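See below for the structure under consideration.
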Amino acid sequence: MGHLHLRVSDLDAQKKLWVDVLGAKIVKAGKLELYQFPGVQVALTKGATSGGTDGCVVDHLGFKVKNLEETKSALTGGGAKVISQNTRTHQMFIEFPDSIKIEFTEDTTQAQPIVHHHIHFAVPEGEIDEQRAWYAKMFGAVPGTAAGFKAADIPGVNLRWKSAGTKLAGTKGRGVDHIGFEVEHLEEFCKKLEADGVKMDVPYRSVPQMGLSVAFITDPWGVYIELTEGLSSLR
């Protein structure tokens, strides 16, 4: 997919969970350190936040694991907290520091211990179809359903929606500060977005010292999105 960029108060506590507990591989782009899993990279920035995932348009992040009980034991031993667990569906919600909520679903058939799975949005009921159509138009997401939710697939991630009683806060400045999509031919892609009426928060620019090209936009519901070209080549 690209990456998930978290804004956190304690870098060491978060790194312990992502690397030591969940087994991410450390890769670097210039001075930026990322934690790589099959399907996604996780980046951290130290700073105060205006809130976690509760009350935010990104309600939670989702990963699949091969062994749920082993994952739970390791995460709680590393300082994370169990919010809830459903033994029937083999799922659990874990609260990371800074009130970042992450869902883990067991899949005993997968080859890897952990893989990236989904991002779960929360918007007013009447706007779910509209937001899903926006991701289909701008990013080629393929609409469908998943676990009873309206959803859409982009390579590397399933986007899914739940209903919120009211419009929720955008992501910028919160625990999940932004999500990131890796894009081929990014400069041309940005021109297409602008032609479709998307305002660039940060216009396309090359960052040679990091081996990347980047741009930022915000979707109409407040999801801050970084577009990158080059992260997928990191090893």
Applying the selection to the range 77-129, what residues are surrounded by fewer than 16 Cβ atoms within 10 Å (Cβ to Cβ), closer than 30 Å to LYS192 by Cα and free of Cβ contacts under 8 Å to residues at least 40 places away in the same chain? GLU125, GLY126, ASP129
Is there any pair linking a residue in the range 42-68 that is hydroxyl-bearing (Ser, Thr, Tyr) to one that is surrounded by fewer than 19 Cβ atoms within 10 Å (Cβ to Cβ) and not in a strand (DSSP E or B), with Cβ under 6 Å and at least six apart or on different chains, and which? SER50/GLY173
Filter the range 188-199 for residues that are open to solvent by 50 Å² or more (accessible area, probe 1.4 Å) and free of Cβ contacts under 8 Å to residues at least 40 places away in the same chain; the one that is nearest to LEU44 (Cα to Cα) is LYS199
Pick out the one residue from TRP221, TRP161 that is open to solvent by less than 80 Å² (accessible area, probe 1.4 Å), outside any strand (DSSP E or B) and either touching a strand residue (DSSP E or B) at 6+ places or on another chain (Cβ under 8 Å) or within 23 Å of CYS56 (Cβ to Cβ) (or both). TRP221
With the requirement that a residue be among the polar types (S, T, N, Q) and either open to solvent by 10 Å² or more (accessible area, probe 1.4 Å) or over 20 Å from PHE96 (Cα atoms) (or both), what does the range 164-180 give you? THR166
Could you list, in sequence order, all residues of the range 113-124 that are closer than 25 Å to HIS178 by Cβ and more than 16 Å from the chain's Cα centre (by Cα)? VAL123, PRO124
At least 1 residues that are modelled with pLDDT under 95 and at negative phi in each: list the strands (runs of 3 or more DSSP E) lying fully within the range 1-100 that qualify. 25-29, 32-37
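The values are calculated or read from the model by the stated rules, or taken from the named source; none is laboratory data. This one's a predicted model, so the numbers in the text were calculated from it and none came from an experiment. Note that we place each Cβ from the backbone using ideal geometry, even for glycine, and neighbour counts take in every protein chain shown. The area values use the complete protein model at the heavy-atom level, side chains included, leaving out ligands, DNA and RNA. Shrake-Rupley method; radii C 1.70, N 1.55, O 1.52, S 1.80 Å.
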